[in-house]
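See structure below.
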Amino acid sequence: MNPSRSQSRVKIGIGDSAHVQLPNLQARHQQDDPPCSGGVCHGQAAHTVTGGGGTSGSAAREVPAKKRAEQKQARRRRIYTRLSIGQAATSVPGGGGTRGSAAREVPAKSTARAPPRHAEQKHGEAAHHITGASPAPNPAATRGAKLLGYLRSPDQLVDRKIISIPDAGVVVPLASIRRFVEPSESNSAYTYSNVVDAYVTLLQHRGRPSDALDNRKVLILKWSWQAWLEDINNTPVSQQELQDTGNNFLQHDMVFIPFLYEKHWFLVVINFHKGEYQVLDSRPRHGGYKRALSKLRQGVEECIFAAQANGNKKGGDILDITKWPIRIIKRLPRQTDGTSCGMFMLKYMQLWNGKKLLENFSQDNIASIKEEIAVDLVFSELNTMDDVQAEIMKWNAVN
């Protein structure tokens, strides 16, 4: 037999046994004691020892019985010693057992047995469960909790300015946001006009994503436009102002006007595609809209007539806007309380595409929607009250 081949097979045998079956090897040797003590050790046991006194064939039979027993005990000690060293030393799976300097030469990367992918996932899940780590908090939810705590504090001055958008002329005191978020019948807590104008300014700045997708041009006016349009016939207004306003209206498909009438908010839409005034009301009244909108319509007509007289013809036609009907939009989400009309109007403004709302909501959602809008306004990129924003985040952290 070629010695190198025999030695190679011997080393592989030890490596397999050392890496996998240490407890079974000890039991196997205890079972092999009777035949080995009275006769020749079988070839497998003889070939398992590397560099030792393992023998086979006629050479093994020439050794006296006592000598064979001593050789067997010596082989057994060497096997156990090598097996224990092999367990402590790093061994390459499927290769020969190593010890001493040879074991240190094996790179740790080559000896690491990669766990299955599903095992890694289970381990990660278990670690997450043990440590009790929670997912990263939602920034909007964190800001909402801090803002609510700040607004509810009796130490805050109700007339303190909390939102300021100088370019739009919008200023909102703390009292308005407080009553907007947590209204009640007793404190006349309706949506304040300055909150409406702040939200409209934010919508104007960011735009409505659905309008870009549908190639639709929508003009959203602040509440102050209601008074300006209603007072055109009673207030000196230049012809140029009327023309500019009319031209601006005619460049859009729809014009949204937040409307306040008898302490109740609803949305008026001038829909140029459909040739009508649309009313979106969370608590529709039985009639009375013609009277409520009469002055507004007169102001809009003056602006459109001035623009058309100056040559602006939308679609090449003269619009006789005086004949446009008022259509009350049905099948809308309705309020069930006495203070949420302004919130419903803001949601209509956000979701109306001229034919329908792009998503549904109900009175049950209003509390969370109010908090979302309040957070959006206070922490918006347009609000210049950086010191208040920082104070809100810091205040709730220490109180």
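The values are calculated or read from the model by the stated rules, or taken from the named source; none is laboratory data. Owing to the predicted nature of the structure, the values given are computational and were not obtained by experimental measurement. Counting neighbours? That spans all protein chains shown, and the Cβs are built from the backbone with ideal geometry, glycine included. Just so you know, the surface numbers come from the protein's heavy atoms only, side chains and all, with ligands and any DNA or RNA stripped out. Shrake-Rupley method; radii C 1.70, N 1.55, O 1.52, S 1.80 Å.
Key figures
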read-out	value
Those residues of the stretch 229-239 which are modelled with pLDDT under 95 and either closer than 17 Å to Ala307 by Cα or touching a Cys at 6+ places or on another chain (Cβ under 8 Å) (or both), in sequence order	Ile232, Asn233, Val237, Ser238, Gln239
Output for the stretch 297-342, where each listed residue is of a type in the set (S, T, N, Q), under 27 Å from Leu357 (Cβ atoms) and free of Cβ contacts under 8 Å to residues at least 60 places away in the same chain	Gln335, Thr336
Tally, over the stretch 330-345, of residues that are modelled with pLDDT of 95 or more and under 28 Å from the mean Cα position of the chain (by Cα)	3
Evaluation of Phe180 against (1) closer than 15 Å to Ile373 by Cα; (2) at pLDDT below 90; (3) out of contact with any Ser or Thr (no Cβ under 8 Å at 6 or more places or on another chain); (4) not acidic (Asp, Glu) (one fails), failing number	(3)
Those residues of the stretch 355-378 which are assigned to a helix (DSSP H, G or I), open to solvent by 40 Å² or more (accessible area, probe 1.4 Å) and either among the hydroxyl-bearing types (Ser, Thr, Tyr) or under 13 Å from Val181 (Cα atoms) (or both), in sequence order	Asn365, Ala367, Ser368, Glu371, Glu372, Asp376
Filtered residues of the stretch 193-241 (kept if in contact with a strand residue (DSSP E or B) (Cβ under 8 Å, 6 or more places away or on another chain), touching a residue at least 60 places away in the same chain (Cβ under 8 Å) and in a loop (DSSP other than H, G, I, E, B))	Arg208, Arg216
Pick from the stretch 379-398, criterion open to solvent by less than 40 Å² (accessible area, probe 1.4 Å) and touching a Phe, Trp or Tyr at 6+ places or on another chain (Cβ under 7 Å), ranking: farthest from Asn271 (Cα to Cα)	Ile392
